[in-house]
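These notes are about the structure you will find just below.
Laboratory data are not the source of any read-out in this text; all were calculated from the coordinates shown. Bear in mind the structure is a predicted one, so any value in this text is a computation, not a measurement. All Cβ positions, even for glycine, are placed from backbone atoms using ideal geometry, and neighbour counts span all protein chains on display.
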Amino acid sequence: MSLSRRLFAATGLALMLAMAVNVFAADEKQKALIVDGQNNHGVWPKTTQMMKKYLEETGLFTVDVATTAPQGTDENFKPEFSKYNVVISNYNGANWPEATQKSFIEYVKNGGGFVVIHAANNSFGDWKEYNEMIGIGGWGGRSEKSGPYVYLDEAGKVVRNEEKGSGGHHGPQHPFTVIVRDSEHPITKGMPREWLHAQDELYDKLRGPATSMNILATAFADPAKGGSGRHEPMIFTIEYGKGRIFHTPMGHADYSMECVGFIATLVRGTEWAATGKVTLPIPEDFPKADAVSQRKAEAK
């Protein structure tokens with residue numbers, strides 16, 4: 001074979017290998033589904049698109065969106081959860097159809113990842129399995145019957161407070177400090193011990209079954225800001241069957257989700273829920289203890 005023909009053959013082989021690598025890489029992306037359609041936060045269409053963009057920008061995810069009817073139980077809402085590695089909820093509204101609920105329970109129980117964002121923990125107060133999945137939640141008729149209040153005391157010990165009372169509360173929106181409590185977990189590994197989150201609702205007095213729940217970071221709900229006076233869970237995980245759940249009560253509005261701390265927590269938490277590991281780095285513009293860091297979202 002002549003030199004020119006050997007070079008041509010080698011070039012062709014290299015191109016075929018490159019194409020194969022690209023196809024393999026595309027196949028390796030994690031498939032994510034965001035569910036939305038009803039929410040007491042009117043900005044939900046924008047925040048869904050923000051989260052979709054953040055996840056896709058990592059290069060690790062392809063992201064679909066499943067949207068319910070604008071009100072009431074949507075009998076046609078039947079996503080094929082089993083097609084996805086992870087489901088992200090930006091939903092707070094009417095119950096899903098019973099068949100969809102059963103499908104979702106089986107999906108998570110059999111190893112599907114689940115991510116709970118802000119008001120998604122207000123949903124489905126009377127759905128037993130959902131409340132086991134999210135660990136703790138607020139509003140939605142939650143009370144002492146739903147489970148204890150869960151928070152950390154001044155010594156950093158987990159408190160399960162069984163006292164009577166409704167679940168879910170927050171004071172006026174404000175920036176607040178997030179304190180990392182487990183610096184070895186893949187989601188929080190490499191984060192500063194303390195970082196300043198952008199303006200948000202600081203959920204407190206959340207309650208629920210809180211079984212298999214691991215608190216990774218908290219925020220102090222300052223009574224001077226209308227808070228509970230407790231160190232409230234802000235980043236935590238739950239195990240449900242073979243499924244991994246990542247839950248953050250942060251993310252009230254678009255400006256809250258512009259926080260680089262929120263963005264990094266979202267993408268790292270979603271990767272962990274999907275795969276059980278985190279490869280995404282802590283970004284260089286991550287917030288400091290005394291300084292908020294935001295990436296302005298494009299207007300929609």
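Run the quick spin-label model on Q101 and T279: label points 7 Å from Cα toward the beta carbon, then report their separation in nm to one decimal.
In this crude spin-label approximation the distance works out to 3.8 nm.
In Å, what Kirkwood hydrodynamic radius results for region 3-275 from the alpha-carbon pair distances?
Across region 3-275, the inverse of the average 1/r is 19.5 Å.
What does the extension gain come out to for E57 and K164, with contour length at 0.36 nm per residue minus their alpha carbon separation?
Details: separation 107, 0.36 × 107 = 38.52 nm, distance 4.43 nm.
In short, 34.1 nm is gained.
Which of the peptides 67-76, 191-200, 81-90 is most tightly packed, and how do the rest follow, going by the mean number of other Cβ atoms within 10 Å of each residue?
Highest-to-lowest ranking by the protection proxy: 81-90, 191-200, 67-76.
Compute log10 of I(q)/I(0) for region 96-203 with the Debye formula, placing one identical point scatterer on every Cα and leaving out solvent, at q = 0.10, 0.14 Å⁻¹, to two decimals.
-0.38, -0.75
Please give the length that would be gained between K189 and Y255 if that part of the chain were fully extended, namely 0.36 nm times their separation in residues minus their C-alpha to C-alpha distance (nm, one decimal).
Result: 21.3 nm gained on full extension.
Would you calculate the separation in nanometres between label points at A69 and H174, each defined as 7 Å from the Cα along the Cα-to-beta-carbon direction?
4.3
Sorted by average packing, counted as other Cβ atoms within 10 angstrom per residue and highest first, what order do 150-156, 140-146 take?
Averaged packing, sorted descending, gives the order 140-146, 150-156.
Sorted by packing (mean other beta-carbon atoms within 10 Å per residue), highest first, where do 249-255, 180-186, 208-214 land?
Answer by packing, highest mean first, reads 249-255, 208-214, 180-186.
Hey, how many Å between the Cα centroid of region 25-59 and the Cα centroid of region 154-170?
If you average the Cα positions of each part, the centres end up 31 Å apart.
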